[in-house]
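S.K.: Got a structure here, written out as structure tokens. Questions coming.
The values are calculated or read from the model by the stated rules, or taken from the named source; none is laboratory data. Not measured: the values here are computed from a predicted model. When we count neighbours, we look across all protein chains shown, and the Cβ atoms used for this are built from the backbone with ideal geometry, even at glycine. Accessible surface areas use protein heavy atoms only, side chains included; no ligands, DNA or RNA. Shrake-Rupley method; radii C 1.70, N 1.55, O 1.52, S 1.80 Å.
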Amino acid sequence: MIEPLIILGSLGLLFGAGLYIASRVFHVSVDPRLERIESALPGANCGACGLAGCAGFARAIVHGSAEVVGCIPGGEAVSHLIADIMGVKAKEVDKQVAVLHCAGRDVADRFHYVGMKSCNAAALFQGGPKSCLYGCIRFGDCALACPFGAISMIDGFPVVDEGKCTACGKCVDACPKDLYDLRSLKKLVHVACRSRETGKATRSVCEVGCIACKKCETVCPFDAVHVSDNLAVIDYDKCTSCGKCVSECPTNTIRNFREERKAKGLWPVKVRHEKNV
Amino acid sequence: MRRTFKKGGVHPPDMKERTRDVPIAEFPAPALVMIPMAQHFGSPALPVVGAGDKVAKGQLIGKADGRMSANVHSSVSGKVLRLEEKFTPQGRACKTVVIENDNSGIWADEIPCGRDWRAMSPKEIVEAVAAGGVVGMGGAAFPAHVKLEPPHEKPIDTAILNGVECEPYLTIDHRLMVERAAEIITGLRIIAKAVAAKEMVVGIESNKPEALKAMNAAAAGGGIRVEALDVKYPQGGEKQLIAALTGREVPPGKLPFDVGCVVHNVGTAWAIFNAVAKCVPLIERPLTISGDAIERPANLMVPIGTPVGAVIEHCGLDQKVKKILSGGPMMGMAIADPTIPVVKGMSGILALKKVPHDISGPCIRCGRCIEVCPLGGIASEMARAIEAGAIVDYEHLHVFDCMECGSCSFVCPAGRNLVQYVRQAKEEASYRRELHRKQQAKKQI
């Protein structure tokens, strides 16, 4: 009766000692910050930071190869948590959202398209079935690509829910017509058109397309809007979202997002105080 | 003994009766031609004329940009009106030279000429073919001079002419073989000389007895074998034709060069003959205009750059037309705009009253697409991968080996647009590849 207890007991002691020695000899020091950063991140593994998932981003921060504000979906809150963990000062985070540069809901088809219901596939064939070669094809590749459910097809046209949008940039990648841009939530005025056709050609296919009349260029007090290649383009370094061009635009191509964002409680953007650590 | 390739294949109704016996007629050059710079596989040609320039018939208007490109010549004499971005039948936009025809028909200097190709060296032949802007006329529009210059480490023993014409409706290769057999056979001899091939074979499907007779007569006593092949689609595919004629299999990702073969279409051989023996560049191409919505089906010799609408008008269009195709019904592309020009790689124009319903349902796992794929591909899985956005799978599934013959879409009982899925997978995979390459480069910095 006593023998098995002695044998098992001594075996236990032996292995215990072996494990103890092994843990000392092969010890790998793990930065405790790594785990804390990982738990602070959203864990969506969306890849918007440009690294392999949240774990990869955490490693990059600890190594100093990524900025603490790099997590786009996490935004301000996460940046601060990480900044606290790393003991550095977080730079101001500018919340961005995806902006769709097309409003051509009523653009007709040039031909009857039969085939895969995908914008990317349709665009390969003569630029897609829509009369406007620069506009939305309306099969919703962007809505499919959005991991946060922020883009929905309403009456067959994509609409961005800016409350849900985290500016991960998947829609920018997915759109074959390059209709999305990531813009600061503070910027309220946007051109809802990408057509580089002449005014006449654009007008013939779309009611709300940019006709390159240059009224916006004339009215802008900050020299922020310029018509180049038949399209009004806003320089956001200069734009103050005053909205003068919006009321001047004869085709309602330039739009003001102020009211819409106000209604959703997204504007005015809350000002955050810089934190010293 | 008749032969065919072993793996896969389908038997679509051949629909060739209406144009089989119609001789090739000249199509009068239109008032305006629009000549795209990208009519071939590879980089687009660079335009060498500007608005207002006078051009003569056969004059160089686009210069090949590198080796994998082809010269482009004016198909009429007249004045360049403008250069514009325009869609080609392949579905992409490129620079297009618009020329107003002055109807004088004046040729450029030194065209046509009389040259003895027998006195020319292989290098001179390749140069003449490149100068003439000859590209593959079977559909892929691969620059012909590239196929005439095999790499040194890959000797060629067999030069093959492709007279299969397995696409339904099309009869233009058939008519060319019947009417211009001697020129085609000379073209084959020129090809064989350029690549130093000992053996010369012509593959023709047995549903073209007249072509077989004419080609046999023209090739008599010259060491050329004219083979009758069993009818099966897609026998006109390069790899399938090599398998049918020589029993050799071209491995995935390899070229006919790798098994000692070079394959040219009979139309290409005819164009090579013109470019080498007569200095005439590729400025017109034979076309079949057919389909149930065409009132007077025809085989026509059409100047490159002629709007498709003008050709259809010439043959009479039924108002009940539903779809217009460039090429055959299996591999052809739909044409959405009648001003799209005729290009070097276009083998026919079809106008159809009936089009398949867009039923595209879910895959029912019947496996027919796998049975008929001549390359042993798994179209159903490729489609599923693209639907799921499974980028990793594309290369694993060998999407780049697909030649888009359409056999899978043809047999799919669920009406799935399988070829389009694969085309999309190719696009996606090359985009990801490029992205990956850029990221790697960034990491190294």
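S.K.: Quick check on B:Gly58: is it in contact (Cβ under 8 Å) with a residue 24 or more places away in the chain, more than 14 Å from chain A (Cβ to nearest Cβ) and out of contact with any strand residue (DSSP E or B) (no Cβ under 6 Å at 6 or more places or on another chain)?
M.R.: The answer is no for B:Gly58.
S.K.: Now, a different point. Just wondering, is there one or more residues in segment B:215-226 that are crowded, with 21+ Cβ neighbours inside 10 Å, outside the structural domain of B:Val372 (by TED's automatic domain parsing) and in contact (Cβ under 8 Å) with a residue 60 or more places away in the chain?
M.R.: no
S.K.: Which condition does A:Cys142 not pass, out of (1) assigned to a helix (DSSP H, G or I); (2) open to solvent by 30 Å² or more (accessible area, probe 1.4 Å); (3) within 14 Å of chain B (Cβ to nearest Cβ); (4) not small (Gly, Ala, Ser), if it passes all the others?
M.R.: Against the list (1) assigned to a helix (DSSP H, G or I); (2) open to solvent by 30 Å² or more (accessible area, probe 1.4 Å); (3) within 14 Å of chain B (Cβ to nearest Cβ); (4) not small (Gly, Ala, Ser), A:Cys142 comes up short only on (2).
S.K.: Quick check: is even one residue across segment B:117-124 at pLDDT 90 or above, part of a helix (DSSP H, G or I) and touching a helix residue (DSSP H, G or I) at 6+ places or on another chain (Cβ under 6 Å)?
M.R.: Yes, there is a match, as at least one residue in segment B:117-124 is at pLDDT 90 or above, part of a helix (DSSP H, G or I) and touching a helix residue (DSSP H, G or I) at 6+ places or on another chain (Cβ under 6 Å).
S.K.: Then there is this: Given (1) open to solvent by less than 40 Å² (accessible area, probe 1.4 Å); (2) in contact (Cβ under 8 Å) with a residue 40 or more places away in the chain, identify the lone condition not met by A:Val225.
M.R.: Going through (1) open to solvent by less than 40 Å² (accessible area, probe 1.4 Å); (2) in contact (Cβ under 8 Å) with a residue 40 or more places away in the chain one by one, A:Val225 breaks only (2).
Table: residues versus (1) among the β-branched types (Val, Ile, Thr); (2) within 30 Å of B:Lys322 (Cβ to Cβ).
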position: A:Leu41; (1), (2): no, no
position: A:Cys49; (1), (2): no, no
position: A:Ser79; (1), (2): no, no
position: A:Val99; (1), (2): yes, no
position: A:Leu124; (1), (2): no, yes
position: A:Cys142; (1), (2): no, no
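S.K.: Another one. Which residues, taken from segment B:387-445, are away from chain A (no Cβ under 12 Å), touching a Leu at 6+ places or on another chain (Cβ under 9 Å) and in a loop (DSSP other than H, G, I, E, B)?
M.R.: Selection gives B:His398, B:Cys402, B:Met403, B:Cys405, B:Gly406, B:Cys412.
S.K.: Looking for something over 26 Å from A:Arg255 (Cα atoms) and of a type in the set (Ser, Thr, Tyr) - is there at least one such residue anywhere in segment A:131-151?
M.R.: No; the residues of segment A:131-151 include none that is over 26 Å from A:Arg255 (Cα atoms) and of a type in the set (Ser, Thr, Tyr).
S.K.: Hey, another quick one. Which number in (1) open to solvent by 50 Å² or more (accessible area, probe 1.4 Å); (2) on the phi < 0 side of the Ramachandran plot; (3) of a type in the set (S, T, N, Q) marks the one condition that A:Asn45 misses?
M.R.: Failing condition for A:Asn45: (2).
S.K.: Considering only segment A:48-63, how many residues are open to solvent by 60 Å² or more (accessible area, probe 1.4 Å), out of contact with any helix residue (DSSP H, G or I) (no Cβ under 8 Å at 6 or more places or on another chain) and not aliphatic (A, V, I, L, M)?
M.R.: Residues flagged as open to solvent by 60 Å² or more (accessible area, probe 1.4 Å), out of contact with any helix residue (DSSP H, G or I) (no Cβ under 8 Å at 6 or more places or on another chain) and not aliphatic (A, V, I, L, M) within segment A:48-63 amount to 2.
S.K.: Here is a follow-up. Could you check B:Gly138 against (1) open to solvent by 80 Å² or more (accessible area, probe 1.4 Å); (2) closer than 26 Å to B:Thr288 by Cβ and say which number it fails?
M.R.: (1)
S.K.: Tell me yes or no: at least one residue of segment B:344-359 is open to solvent by 50 Å² or more (accessible area, probe 1.4 Å), over 18 Å from B:Phe410 (Cβ atoms), within 14 Å of chain A (Cβ to nearest Cβ) and not hydrophobic (A, V, I, L, M, F, W, C).
M.R.: No; the residues of segment B:344-359 include none that is open to solvent by 50 Å² or more (accessible area, probe 1.4 Å), over 18 Å from B:Phe410 (Cβ atoms), within 14 Å of chain A (Cβ to nearest Cβ) and not hydrophobic (A, V, I, L, M, F, W, C).
S.K.: Starting from residues that are of a type outside the set (S, T, N, Q) and touching an Asp or Glu at 6+ places or on another chain (Cβ under 8 Å), keep the ones in segment B:1-19 and report whichever is least open to solvent (accessible area, probe 1.4 Å).
M.R.: B:Gly8
S.K.: Do the conditions hold for B:Ile111, that is, is it open to solvent by less than 60 Å² (accessible area, probe 1.4 Å) and outside any loop (DSSP other than H, G, I, E, B)?
M.R.: Criteria not met by B:Ile111.
S.K.: Quick one: B:Cys366 ticks every box in (1) away from chain A (no Cβ under 12 Å); (2) under 26 Å from B:Gly328 (Cβ atoms); (3) open to solvent by 40 Å² or more (accessible area, probe 1.4 Å); (4) within 27 Å of the chain's Cα centre (by Cα) bar one, so which box is it?
M.R.: Of everything listed in (1) away from chain A (no Cβ under 12 Å); (2) under 26 Å from B:Gly328 (Cβ atoms); (3) open to solvent by 40 Å² or more (accessible area, probe 1.4 Å); (4) within 27 Å of the chain's Cα centre (by Cα), B:Cys366 misses just condition (4).
S.K.: From the list B:Glu404, B:Glu434, B:Glu427, pick out the single residue that is open to solvent by 20 Å² or more (accessible area, probe 1.4 Å), assigned by TED's automatic domain parsing to the domain that holds B:Val392 and in contact (Cβ under 8 Å) with a residue 60 or more places away in the chain.
M.R.: Answer to the check: B:Glu404.
S.K.: A:Ile85: in contact (Cβ under 8 Å) with a residue 40 or more places away in the chain, in contact with a helix residue (DSSP H, G or I) (Cβ under 9 Å, 6 or more places away or on another chain) and within 14 Å of chain B (Cβ to nearest Cβ), yes or no?
M.R.: So A:Ile85 does not fit the description; no.
S.K.: Write out, first by first residue and then by second, each pair whose Cβ atoms fall under 7 Å of each other, whose residues are 6+ apart or on separate chains, and whose first residue, in segment A:249-277, is open to solvent by 90 Å² or more (accessible area, probe 1.4 Å) while the second is modelled with pLDDT of 90 or more.
M.R.: Note: pairs meeting the criteria are A:Lys264/A:Glu162.
S.K.: Also, I was wondering about something else. Test A:Tyr134 against the stated conditions and say whether it is of a type in the set (Phe, Trp, Tyr) and open to solvent by 10 Å² or more (accessible area, probe 1.4 Å).
M.R.: For A:Tyr134, the condition - of a type in the set (Phe, Trp, Tyr) and open to solvent by 10 Å² or more (accessible area, probe 1.4 Å) - is met.
S.K.: With the requirement that a residue be outside any strand (DSSP E or B), away from chain A (no Cβ under 14 Å) and open to solvent by less than 10 Å² (accessible area, probe 1.4 Å), what does segment B:69-102 give you?
M.R.: B:Ser69, B:Ala70, B:Ser74, B:Ser75, B:Val76, B:Ser77
S.K.: Are any residues in segment A:100-130 surrounded by fewer than 20 Cβ atoms within 10 Å (Cβ to Cβ) and either more than 11 Å from every other protein chain (Cβ to nearest Cβ) or outside any loop (DSSP other than H, G, I, E, B) (or both), and if so, which ones?
M.R.: A:Arg105, A:Asp106, A:Ala108, A:Asp109
S.K.: Now a separate question. Can you tell me which residues in segment B:314-338 are within 13 Å of chain A (Cβ to nearest Cβ) and in contact with a Leu (Cβ under 9 Å, 6 or more places away or on another chain)?
M.R.: Result: B:Val321, B:Lys322, B:Lys323, B:Ile324, B:Leu325, B:Ser326, B:Gly332, B:Met333, B:Ala334, B:Ile335.
For (1) open to solvent by less than 10 Å² (accessible area, probe 1.4 Å); (2) touching a His at 6+ places or on another chain (Cβ under 6 Å); (3) aliphatic (A, V, I, L, M); (4) farther than 29 Å from B:Thr158 by Cβ, each residue gets a yes or a no:
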position	(1), (2), (3), (4)
B:Leu245	yes, no, yes, no
B:Phe257	no, no, no, no
B:Val262	yes, no, yes, no
B:Leu300	yes, no, yes, yes
B:Gly305	yes, no, no, yes
B:Ala310	no, no, yes, yes
B:Asp318	no, no, no, yes
B:Ala336	no, no, yes, yes
B:Pro341	yes, no, no, yes
